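The values are calculated or read from the model by the stated rules, or taken from the named source; none is laboratory data. These numbers were taken from a predicted model, which means no experiment stands behind them. Cβ coordinates were reconstructed from backbone atoms using ideal geometry, including for glycine residues, and neighbour counts include every protein chain displayed.
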Amino acid sequence: MALLVGAALSVLTPLRAVWLTLDAAFLLSLLLQLLVPPSWLPGSALLEDLVRYGKTKYGGPPRPAVFRLFDVPKRYFSHFYVISVLWNGFLLWCLMQSLFLGVPLPHWLLTLLSTLGPAQVQGGELALSPLLVLLLLWLHSWRRLFECLFVSVFSSGVIHVAHYCFALFYYVFLGLTVLSQVPMDSRNGVVVHHNHQIPFGHWFEYVSSPNYLAELMIYVSMAVVFGFRNLTWWLVLTYVFFCQALSALLSHRFYQSKFVSYPKHRKAYLPFLF
């Protein structure tokens, strides 16, 4: 980790600075959850309210009434993937037009990409890796949108409006991150109830939140497509790791507090480890 941070600082761009900041922020949040009792932190109620969402809000400290003014329904998760499908679909279309038809990217998009920093890949390296990653990201967003609309069962859970706005920003910025790696010249189902139960089977035998683990593996696969030398994407992957680890830890603690018989061997995020 120290080598990664040192290398990033030596070639820091605005794009990498954003991802490095997110890496540090979510690592700090994870460490605070692991090591520091909430009562020791000034303003801990606000910090807890910002990082918790859905069911995990009910496992945290009491929420002042004013905090509820900033709640939005968790079912708004679908908005994130609508934005991602539209925005990253647009970026994918622009990239395909540029690669296969020679159509220049829009001037405003080129200006934005140049502001974020130069592409990490150089010279004659092919731009097909970012194209494939952007395609995978777009397909992943379609899958998550389908799940939100036709599979997921959203109860009365909420998220903080700041969390909501951040997630909208995330999917826009993520697509730009992928595109910036291009070298350039200048639910169906029956709702039974809304109660939480202990899930069993498959990955649930090992971790409380296999969906977060699967999300991490998706981004790892994208890192493999980019190759192991792409520092920028490793910063993205590090952010995803810490962000999902934080959510997985909070969910794990929620289940442990709600169910006395919750399996003791089950980890939060990484099988057998964490």
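Quick notes
- Residue within the range 119-133 that is modelled with pLDDT of 85 or more, over 21 Å from the mean Cα position of the chain (by Cα) and under 23 Å from Leu168 (Cβ atoms) present: no
- The condition of being at pLDDT 90 or above and either β-branched (Val, Ile, Thr) or on the phi < 0 side of the Ramachandran plot (or both) holds for Leu136.
- Listed by position, the helices (runs of 4 or more DSSP H) contained in the range 155-274 that have at least 3 residues being of a type in the set (S, T, N, Q) and under 21 Å from the mean Cα position of the chain (by Cα) are 231-258.
- Qualifying residue in the range 245-267 (condition: loosely packed, with under 15 Cβ neighbours inside 10 Å, more than 19 Å from Leu137 (Cβ to Cβ) and hydrophobic (A, V, I, L, M, F, W, C)): yes
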